[in-house]
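As structure tokens, the structure follows; a few thoughts come after it.
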Amino acid sequence: MSSHRHNRPLSEVELRVKALESLLAEKQLIDPAAVDEIIETYEHKVGPRNGARVVARAWTDPAYKERLLGRGSEAIAELGFSGVQGEDMVVVENTDQVHNLVVCTLCSCYPWPTLGLPPVWYKSAPYRSRAVSDPRGVLREFGVEVPASTEIRVWDSNAELRYLVLPKRPAGTEGMSEDELAGLVTRDSMIGVGQPRSPRG
Amino acid sequence: MNGIHDLGGMHGLGPIRPEPDEPVFHEDWERRVFGLMVATFGGGQYNVDEFRHAIERMDPAHYLESSYYEHWLSAVETLLVEKGVLSADELAARKAELAREAA
């Protein structure tokens with residue numbers, strides 16, 4: 001798909017990938033068109049917009065919020081978001097008393113159906129090592145100040161259980177529709193390293 | 001298993017560097033590795049625990065130096081070879097062939 005722009009020698013890793021793909025295709029263990037489809041889905045169709053719909057619904061519908069905090073995967077599936085790496089979801093709510101932060105210290109577990117694929121920093125050694133030992137320092141690096149009186153809870157994801165943060169609804173959003181509210185919800189606010197946008201921009 | 005992947009609480013690994021407006025993939029080969037992993041995983045060639053364990057078995061120094069999707073590539077290669085789907089010789093031969101074609 002991008003062979004036209006290769007006027008340099010392929011790197012070692014590019015050669016390994018091409019060798020692997022061509023052998024798997026030859027043995028009919030993969031269908032390259034199906035591989036394209038998988039890539040297209042996760043690059044363009046699945047992403048934090050999905051999680052933002054979930055959060056905005058929880059902000060506007062108390063019964064939904066209760067279901068979401070009680071049985072995360074089922075409530076998220078009500079909005080049509082389910083599948084690989086989202087089978088067992090736990091949604092944790094930020095309040096004035098508690099701020100939640102999600103990490104995967106061992107690797108990269110992340111709720112794909114609601115947030116898409118994780119950013120590089122989430123999978124990096126600095127974040128994975130420090131989120132559990134110095135969460136306030138990590139939050140400061142992201143520009144998030146959490147009052148000393150607020151408890152910070154760090155959730156270490158694993159292959160069986162993934163977390164989504166339900167951020168606090170920003171002040172000044174009383175008259176806003178669910179769609180408008182979804183526009184305020186950022187990826188980082190659903191990982192716990194950010195706050196939703198303010199309605200005043 | 002206690003190994004290099006078990007990073008929680010480790011000191012001295014440097015600042016976190018978020019990238020503004022980060023793309024989902026940074027290189028075309030990362031796209032392909034992602035797609036190949038999901039396709040072979042979905043095809044039942046291995047399960048998620050085997051996949052994670054194969055990453056954890058990487059050489060620890062190389063684990064820290066290499067990028068995330070290279071971890072995935074290493075794990076897919078390791079598992080498909082161990083399960084007899086492909087051989088290491090086949091992979092090496094195909095790589096050499098592709099390198100000659102591209103030169």
Kirkwood hydrodynamic radius of chain A from all distinct Cα pairs, in Å? 18.6
Would you calculate the convex hull of the Cα atoms in the stretch B:28-102 and tell me its volume per residue in Å³? 106
Overall form of the stretch A:1-111 per C-alpha gyration tensor (a/c, 1.5; a/b vs b/c): prolate
Which value at 222 nm does the protein assembly as shown reach when only helices count, each DSSP H run of 4 or more adding -39,500 (n - 2.57), with the total divided by all residues and rounded to the nearest 500 deg cm²/dmol? -13500 deg cm²/dmol
Cα-centre dipole for the stretch A:87-201 with unit charges at Cβ (Lys and Arg positive, Asp and Glu negative), debye to 20: 420
Cross-link candidates for residue A:168: which aspartates and glutamates have Cα within less than 19 Å, leaving aside residues fewer than 8 places away along the same chain? A:61, A:66, A:93, A:96, A:145, A:151, A:178, A:179, A:180, A:188
Orphan Cys of the protein assembly as shown, criterion: no other Cys C-beta under 4.7 Å: A:107
Relative contact order, percent, of chain B when contacts are C-alpha pairs under 8 Å separated by at least 6 residues? 28
On average, how many beta carbons from a partner chain sit within 10 Å of the beta carbon of a residue in A:154-162? 1
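A short reminder: the numbers here are calculations on the coordinates, not readings from a lab. Bear in mind the structure is a predicted one, so any value in this text is a computation, not a measurement. Methodologically, a virtual Cβ is constructed for each residue, glycine included, from the backbone with ideal geometry; neighbour enumeration extends over all protein chains shown.
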